[in-house]
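Report on the following structure.
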Amino acid sequence: MRKLMSAMVATAAAATVLGCTQAPQGAALVIEDKVYTVTPPSVTVTAGIVTGEVSELKVAERVEKGSGRVDSPAKLTGKLKLTNSSTDQTVRLIGGKILYIDDQGQIIKIGEARTEPTLKFSSSYDTTDRLDPGQDMTQSVEVDFPAAALQAKKLKEIRIELAYIPSAYKLQTASFGVSIGGQ
């Protein structure tokens, strides 16, 4: 009986010192970025008196290595440079929208619980949403991308719709005669 008690105390002491351990779980999940190239990676666009360049385009999603399970849905990223090509109008940028068009000319929907891809410019009280003639501005783009568009030959074009308010821009001169010290 004494040997049994000693064995139980020794077992309890060993459990206390070593701690209770759980069985090891499976290997840690590895999440990696899967990047899709966009061809062409840079393109010039025109929307009325606003011209632009969309560059550094790519689509990336995060997937679980091995299973291929999507951890973070696809996003389109790039840079958008807009230029006011007018010589006599100022442009106030309101916003924009990105549409993904399939091989049948139809809009590819983003999907549930995802955000429609929009472009936002500064508030109406800030001057960074205004482009005077010849001025340009550049901003980063990061918007949701539809999973259906990742299928081969499904995506035909990306369309950018810009909303802006043009207003007349005049530079006029006023002259007046002066004299200094009663001359």
Does LYS120 fit the bill of being in contact with a helix residue (DSSP H, G or I) (Cβ under 7 Å, 6 or more places away or on another chain) and at pLDDT 85 or above? no
Residue set THR115, THR77, THR138; condition closer than 30 Å to LYS170 by Cβ and either of a type in the set (Ser, Thr, Tyr) or out of contact with any Leu (no Cβ under 7 Å at 6 or more places or on another chain) (or both); output residue THR138
Qualifying residues in region 96-123 (those that are farther than 26 Å from ILE165 by Cα and of a type in the set (S, T, N, Q)) - the one surrounded by the most Cβ atoms within 10 Å (Cβ to Cβ): GLN106
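The values are calculated or read from the model by the stated rules, or taken from the named source; none is laboratory data. Owing to the predicted nature of the structure, the values given are computational and were not obtained by experimental measurement. Positions of Cβ are backbone-derived with ideal geometry, glycine not excepted, and every protein chain shown enters the neighbour counts.
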